[in-house]
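Heads up: the structure comes next, in structure tokens.
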Amino acid sequence: MREPVLAITELTVQYGGIRAVDGASFQVAEGELVAIIGANGAGKSSTLRAIAGLAPVAGGDILLDGVSIRGVPAHELPRRGLALIPEGRRVFADLSVLDNLYLGGYSRPREEIAGDLRQVYELFPILRERSHQAAGTLSGGEQQMLAIARALMSRPRILLLDEPSLGLAPVIVQQVFSLLRHLRERGVTILLVEQNARLALEAAERGYIMHTGRIVLSGPARELAKNPEVRERYFGTA
Ligand code: ATP
């Protein structure tokens, strides 16, 4: 079996007396798109933030390509191949689209940045058109694209995506997810955390269901999407 890019074992995240993640274990193999779904407050964001060095890990381990990154400072992780796209995107609003992209590539060898930029523009032609516009003037969907594109500029081993659908109009959400499927086809390794279970399981290869900080179910995304309990609990009425 391929060594997973990311292996999480018994992860526990604790904020004072609140245990947000309680012994969660899961893996992401190279080239996989894996989704963690669950209700509001299930601990999904805390899981991603802990992996990215931004939430307090009280137990367990986080292996990136077989090496523990538990305790590695957040600012060091992009260099190790981890790229987090936080909830609410957060692009640098006053900077141009191009400067946002350059910032994403700051840890890359200088001579490779032009090539990276070309590839990102191929994936996101709209960003080429908007390259000299301030990022804050982009629409919500375009800002989400920029946040993803900026992360790709660092050529990550794995992309961690927190709720990319949040606050976007349904038609834009469809675009974001079709982009994720496209990235998956190109072999980008992605861990996606989503409340929109239906879309997440459509895009992903495998899924994990998180409930009160624990992984309660896992399997091929297609099977989870057919599971009546999953449908009833997480698919809503749509
Ligand atoms: P959401 O979709 O709302 O982001 P989630 O599944 O990502 O939900 P988390 O945001 O990880 O869940 O929250 C899990 C639990 O941890 C919740 O009870 C939340 O209130 C708590 N929590 C999250 N962040 C903090 C924090 N910084 N300090 C204290 N408690 C927190």
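Just want to confirm a number: the relative contact order over region 1-95, from Cα pairs under 8 angstrom separated by 6+ residues, in percent.
30
Where in region 136-175 does the amide nitrogen come within less than 18 Å of the point 7 Å from the Cα of Gln119, taken along Cα to Cβ?
From region 136-175, the list is 146-160.
Sort 190-200, 12-22 by packing, meaning the average of other beta carbons within 10 Å per residue, with the highest value first.
Packing proxy ranking, top to bottom: 190-200, 12-22.
Give, to the nearest whole percent, the P(r) tail of region 57-187 beyond 22 angstrom, counting all Cα pairs.
Within region 57-187, distances greater than 22 Å cover 37 percent of Cα pairs.
Pairing the Cα long axis of helix 113-123 with the longest principal axis of the chain, what angle in degrees results, from 0 to 90 and rounded to the nearest 10?
Between the helix axis and the principal axis of the chain, the angle is about 70 degrees.
Provide the net charge surrounding Glu112, with neighbours chosen by a C-beta distance below 14 Å and charges set as Lys +1, Arg +1, Asp -1, Glu -1.
+2
Relative contact order for region 23-71: what is it in percent, counting Cα pairs under 8 Å that are at least 6 residues apart?
In percent, rounded to a whole number, it is 23.
What does the helix-only formula give at 222 nm for the chain: each DSSP H stretch with n ≥ 4 adding -39500 (n - 2.57), the total divided by the residues, and the result rounded to the nearest 500 deg cm²/dmol?
-10000 deg cm²/dmol
Could you work out how much longer the chain between Arg214 and Arg198 gets when fully extended? Use 0.36 nm per residue separation minus the Cα distance between them, nm to one decimal.
Length gained between Arg214 and Arg198: 3.8 nm.
In debye, nearest 20, what is the charge dipole magnitude of region 109-229 about its Cα centre with +1 on Lys and Arg Cβ and -1 on Asp and Glu Cβ, if you could check?
160
From zero outward in steps of 5 Å, how is the percent of C-alpha pairs of the chain spread across the bins?
That works out to 1, 7, 14, 19, 20, 17, 12, 7, 3, 0, 0, in percent per bin.
Let me know the charge dipole size of the chain about its Cα centre in debye, to the nearest 20, where only the beta-carbon of Lys, Arg (+1) and Asp, Glu (-1) is charged.
Dipole size: approximately 40 debye.
Rank Asp162, Asp116, Asp94 by mean-square fluctuation in a GNM of the chain with C-alpha springs under 10 angstrom and give only the top-ranked residue.
Among Asp162, Asp116, Asp94, the largest mean-square fluctuation in the Gaussian network model of the chain belongs to Asp94.
Could you tell me which of rounded, prolate or oblate describes region 150-238, using a ≥ b ≥ c as the square roots of the eigenvalues of the alpha-carbon gyration tensor, with rounded for a/c under 1.5 and, failing that, prolate when a/b is larger than b/c and oblate otherwise?
prolate
Solvent-accessible area per residue for the chain at a 1.4 Å probe radius, Å²?
Ligands and nucleic acids excluded, the result is 47 Å² per residue.
Kindly rank 227-233, 103-109 from highest to lowest mean number of other beta carbons found within 10 Å of each residue.
103-109, 227-233
Carbon-plus-sulfur fraction of the accessible area of region 1-124, 1.4 Å probe, in percent?
C and S atoms contribute 51 percent here.
What is the ratio of the Cα radius of gyration of region 1-109 to 2.2 N^0.38 Å, where N is its residue count, to two decimals?
Against the empirical 2.2 N^0.38 Å value, I get 1.15 for region 1-109.
The values are calculated or read from the model by the stated rules, or taken from the named source; none is laboratory data. Source: prediction; values computed, not measured. Note: ideal-geometry Cβ built from the backbone for every residue, glycine included; neighbour counts use all protein chains shown. The area values use the complete protein model at the heavy-atom level, side chains included, leaving out ligands, DNA and RNA. Shrake-Rupley method; radii C 1.70, N 1.55, O 1.52, S 1.80 Å.
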